[in-house]
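The values are calculated or read from the model by the stated rules, or taken from the named source; none is laboratory data. Please read these numbers as outputs of a predicted model, since none were measured by experiment. Cβ sites come from the backbone with ideal geometry, for glycine too, and all protein chains shown count toward neighbours. Just the protein is used for accessible areas: all its heavy atoms, side chains included, with ligands, DNA and RNA removed. Shrake-Rupley method; radii C 1.70, N 1.55, O 1.52, S 1.80 Å.
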Amino acid sequence: MSEKQRKRGLLREVLQPLFWRLPELVSISFFANILSLAVPVFVLQVYDRVVFQAGLTTLQGLVAGVLIAVSFDFMLRQLRGKLVQRIAIRVDADVGRILFGKLANLPLAVIEGRTTPQWQALHRDSESVRNIVAGPPLVLMIDLPFVAIFIGVIWVIAAPVAWVLTLIVPVFLFLAILSQRMIAKSTEKEREATTKRDVQVAEMIFGRATMKSLGVAPSLSNKWEQRQADLVDSAVRRGTLTDTFSHLGMSLGLVATIVMTSVGALAIIDQELTMGALIAANMLTNKVIQPMSQLVGMWRQIVGFRSSAKRLNELLNTADEAGEVSLDRPRPRGEIILENATFGYGKEAPAISGVSARFEPGVMHGIIGPNGGGKTTLLKLMQRLYPLQEGSAAIDGVDMTQLSRAQIARWVGYVPQDPFLFSGSIRDNIAKGQEGVPDEAILQAARLANVESFIDALPDGYGTDIGESGRRLSTGQRQRIAIARAMLDDPPILLLDEPSANLDRAAENHLAETLSALSVDHTVVVVSHSPGMLDACGTILVLQDGRVLLSGSSDEVKEQLFGGSEPAAPTSPEFEAHTSPVKLNETGADETALPSPSSGEQTAGEESAPQMPASGPPIRRRPKVQVKVGETPSSEEPIT
């Protein structure tokens, strides 16, 4: 996208169909409005030439002529209506397609920066734009300039009363401007209240099971009633203003008719105006007042269009992720290299700070650490879901900023901490919604994820409809399907965030064996607190407060963290001392302040769980040192 396109606004590009058709609409409207003068002229001639002079032949000619004019007027307005409908369909399709594509290409941080109702409101904005640029407001805006023609005709046929209309028109314009200023503020307040109400609706629907189980409906009801009351109040205020200005416009039109008729009657008495001219002038006055009244009544829609167009234009001008690249690179080996990677959410302290590490095929890599330590964020940085604020991330030495989202998605299989499935069938989800995926590839991914047996037991098998967000499946089943989806097409890199959190012991053991086998020629990185998964890892990286606390081979890291000697708090100023003991239990949760294994206290039948010691020999750490995860530390840089 060029800078020139950004400056003039992408919304203008979306509305190109309207701009191309605008000359046709104006031409059709011109002839239709000219033909609409036929009826007032007919009435004028009938009263002035036929009634008083009994000109039946003239009447026949006038009737024939006006019927022809009315027929052409009907055909022109039908043509204009169809043209507007075609523009509406084209604009609606283009805006919807571009808006969806824009949302799909926005950076993850931008998408997460807004609530779901706010994104849904953008689709309503697109409908608002469609209704204005291809609906009655568009026709009104095209017809408004012809008001000047009607006023000119009134000056020609009924000059004694034309001045009344000339004074009324500025009053209508003043009323429209005043309504714009007052309604705009009320409309924005109503939109904000609607968004707040919709946020709670989305939360109630998404957390419906939690709401039921905790019995929090009464407390949520009070909050709902307050937000609904705010919305109703703002809607009533806006509606009252809209109705007030609309009624003022109607009353002003009636006043104009009364004044013109009264002034015209005096002019007829003084023999300055004919009866036919007064009636024709009143008919033309309606053609002047009607669009003016519509302008006042439609001002809310026009104000909404301006706000919607502004929001859409801001969205369309937001920078996308890296798109197409000049090179279609071959399948990488899968080595991920992080150099001084730093990232933070907004103005908060960095979630990841100065992390340098290398993950490569050969062994399975584990990442552990306390809650909030930055593990999930690190996985997202490893696939460039978030842009690094400092440092770099590369795949096989190629900086990820040179790779498109499609390339990274093809090379990296990712299982998030909370797997999300799309509505549709199991096959559709494993195939990522792609058409033409071979059945063998689907079956292979299902076998690797150990999900084949439960799918085969379903009546519809891989064609089973899983419902909205996969709600018809259990949490563990959804997680296993997400693992199968990540393994589709055999990506060289697999990133898994707590993949066994919802699996039973047998499924976890099978997954650990599968990942361990894949790690021979794939880069496999697993965030987990499960002893079963960590036992399968060849290296472990410990994250704490977004920094690398310790890394190296699995045995050496476990020895330093959970060995017989208890290391003391580090003396390096680069890292803050954390002395709370951490227990990694079999369910993947971490517990603090538990007895040390050295105390000898252990429940019968329970395995001794590893713990983070509180004291002992210091662990040597160096700031900004590249840690090669997957390689045994050399004798020159021992972990002691």
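Using θ = phi - 60° and the Karplus form 6.51 cos²θ - 1.76 cosθ + 1.60, what ³J(HN,Hα) does each residue of the stretch 436-446 get, whole Hz, x for Gly and Pro?
x, 6, x, 4, 4, 5, 5, 5, 5, 4, 5
Only sites in a loop by DSSP and with at most 15 other Cβ atoms within 10 Å count here; which trypsin sites (Lys or Arg not before Pro) in the stretch 411-466 make the cut? Walk me through the numbers before you get to the answer.
Working: sites: R427, K432, R447; in loops: K432.
For trypsin sites (Lys or Arg not before Pro) across the stretch 411-466 that sit outside H, G, I, E and B with at most 15 neighbouring Cβ atoms in 10 Å, the list reads K432.
Can you tally the net charge around P419? Count Lys and Arg as +1, Asp and Glu as -1, for every other residue whose Cβ sits under 11 Å from the Cβ of P419. Don't skip to the answer; put the middle values down first.
On the way: positive: R478, R480, R485; negative: D418, D497, E498.
Residues close to P419 contribute a combined charge of 0.
May I ask you to list the GluC sites (Glu not before Pro) in the stretch 388-490 that are in a DSSP loop and have at most 11 other Cβ atoms within 10 Å of their Cβ? Before the final figure, lay out each step's value.
Working: sites: E390, E435, E440, E452, E468; in loops: E435.
The qualifying sites are E435.
Under a plain spin-label model, where a point goes 7 Å from the Cα along Cα-to-Cβ, how far apart in nm are E192 and L56?
Each label point lies 7 Å from its Cα, and together they span 7.3 nm.
How much accessible area does F422 have with a 1.4 Å probe, in Å² rounded to the nearest 10?
Per-residue accessible area (F422): approximately 130 Å².
Measure off, as a whole percent, the carbon and sulfur share of the 1.4 Å-probe accessible area of the stretch 350-506, all protein chains present. Intermediate results must be reported in sequence, preceding the final value.
Details: 3000 of 6260 Å².
Here it works out to 48 percent.
What relative contact order, as a whole-number percentage, does the stretch 467-566 give when Cα pairs under 8 Å and 6 or more residues apart are counted? Provide the component values of the computation, followed by the final result.
Details: 87 pairs, mean separation 19.7, N = 100.
Reported relative contact order: 20 percent.
Given charges of +1 on the Cβ of Lys and Arg and -1 on the Cβ of Asp and Glu, with all other atoms neutral, how large is the dipole of the stretch 12-145 about its Cα centre, in debye to the nearest 20? Walk me through the numbers on the way to the answer.
On the way: 13 positive and 10 negative charges, 48 e Å.
Dipole about the Cα centre, nearest 20: 220 debye.
With a Förster radius of 30 Å, plug the Cβ-Cβ distance of A159 and V63 into 1/(1 + (r/R0)^6) and report the FRET value to the nearest 0.05.
On the way: r = 28 Å, r/R0 = 0.93.
Result of the calculation: an efficiency of 0.60.
For the stretch 496-502, just list the computed ³J(HN,Hα) in residue order, Karplus coefficients 6.51, -1.76 and 1.60, θ = phi - 60°, integers in Hz, with x standing in for Gly and Pro.
10, 9, 6, x, 10, 4, 10
Largest first, what is the accessible-area ranking of E272, E112, E190 with a 1.4 Å probe? Walk me through the intermediate numbers first.
Values: E272 120, E112 95, E190 25 Å².
These residues rank, largest area first, as E272, E112, E190.
Starting from the 7 Å offset along Cα-to-Cβ, what nm value, one decimal, do you get for the label separation of M211 and T240?
3.1 nm
Set Lys and Arg Cβ to +1 and Asp and Glu Cβ to -1, take the dipole of the stretch 311-469 about its Cα centre, and tell me which of L443, G397, G354 lies farthest positive.
The listed residue farthest towards the positive side: G354.
So which of K102/K223; K196/K310; K102/K310; K82/K310; K223/K380; K102/K432 end up more than 26 Å apart, counting from Cα to Cα?
Values: K102/K223 34 Å; K196/K310 21 Å; K102/K310 16 Å; K82/K310 28 Å; K223/K380 35 Å; K102/K432 19 Å.
With Cα atoms farther than 26 Å apart: K102/K223; K82/K310; K223/K380.
Report the percentage of all Cα-Cα pairs in the stretch 60-130 whose separation exceeds 20 Å, rounded to a whole percent.
On the way: 1363 of 2485 pairs.
Of the Cα pairs, 55 percent sit more than 20 Å apart.
Counting Lys and Arg as +1 and Asp and Glu as -1, what is the net charge of the other residues whose Cβ lies under 14 Å from the Cβ of T514? Provide the component values of the computation, followed by the final result.
On the way: positive: R447, R480; negative: E452, D490, E508, E513, D521.
In short, -3.
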